[in-house]
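Data block below; observations after.
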Amino acid sequence: MILTNAVKHFITITKHKLIVFKLCCKAGEPWRGFMHDWSKYSPTEFWESAKYYNGKYSPIHACRRLNGYSKAWLHHKGRNKHHHEYWYDYNTEQKTPIMPYKYAVEMICDTLAAGMTYQKDNWTNDYQLNYYLKARKKAKINPKIDAILLEVYEMISEQGIDEVINSKTLKKIYKSHVGDINDKKN
């Protein structure tokens with residue numbers, strides 16, 4: 001069973017990476033798309049995720065439900081700057097700093113691709129907005145990044161991905177909430 005799940009998980013994460021890459025290219029961040037989620041192939045993340053693979057939603061959620069935590073998630077969020085959890089530091093004054101533009105864009109592409117990967121033909125333009133409206137209640141995320149995500153997901157819900165996921169639109173939204181694009185060497 002674990003071998004079958006390993007093959008299915010490999011296919012799922014590879015499909016997800018491909019969708020993220022395509023969306024990041026549309027968004028003007030092809031390098032972020034290429035570099036996206038390589039840690040999912042590491043033994044720490046891959047084998048736990050294969051063990052809890054279900055094909056309907058992230059195996060990390062399944063692992064958390066059974067064990068109360070996920071080693072794969074702890075490993076993943078600590079190595080991937082496109083997760084808002086990477087930026088959270090409870091020992092600092094500003095606990096949720098503003099994510100640099102390139103990682104915020106990668107996060108948007110990642111969340112859209114996750115929905116597309118798991119929902120398949122059931123994915124709609126409003127899927128990510130509805131998902132985020134539920135998830136954000138627990139999220140420890142910078143209010144400006146939260147506003148960016150809401151605006152992007154609302155626009156996608158109304159106009160579709162092709163109208164919203166492009167460099168011009170995403171830069172305009174980011175700048176309207178954050179100011180200048182802070183694309184430092186991170």
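Tabulated values for the structure
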| quantity | calculated |
| --- | --- |
| Residue satisfying all of: in the range 18-34; within 14 Å of the chain's Cα centre (by Cα) and touching a residue at least 40 places away in the same chain (Cβ under 8 Å); surrounded by the fewest Cβ atoms within 10 Å (Cβ to Cβ) among these | 19 |
| Top-ranked residue in the range 55-79 [being open to solvent by 50 Å² or more (accessible area, probe 1.4 Å) and part of a loop (DSSP other than H, G, I, E, B); ranked as farthest from residue 5 (Cα to Cα)] | 79 |
| Evaluation of residue 28 against (1) over 16 Å from residue 116 (Cα atoms); (2) assigned to a helix (DSSP H, G or I); (3) touching a helix residue (DSSP H, G or I) at 6+ places or on another chain (Cβ under 8 Å) (one fails), failing number | (2) |
| Within the range 43-54, considering residues that are in a helix (DSSP H, G or I) and not acidic (Asp, Glu), the one surrounded by the most Cβ atoms within 10 Å (Cβ to Cβ) | 49 |
| Wholly within the range 89-186, helices (runs of 4 or more DSSP H) carrying at least 2 residues that are in contact (Cβ under 8 Å) with a residue 60 or more places away in the chain, open to solvent by less than 60 Å² (accessible area, probe 1.4 Å) and under 26 Å from residue 38 (Cβ atoms) | 101-119, 167-178 |
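The values are calculated or read from the model by the stated rules, or taken from the named source; none is laboratory data. Only a predicted model underlies this, so the values are computations on that prediction, with no experimental measurement involved. Neighbour counts are summed over all protein chains in view; Cβ atoms, including those assigned to glycine, are modelled from backbone coordinates with ideal geometry. Side chains are part of the model used for accessible areas, which takes the heavy atoms of the whole protein and leaves out ligands, DNA and RNA. Shrake-Rupley method; radii C 1.70, N 1.55, O 1.52, S 1.80 Å.
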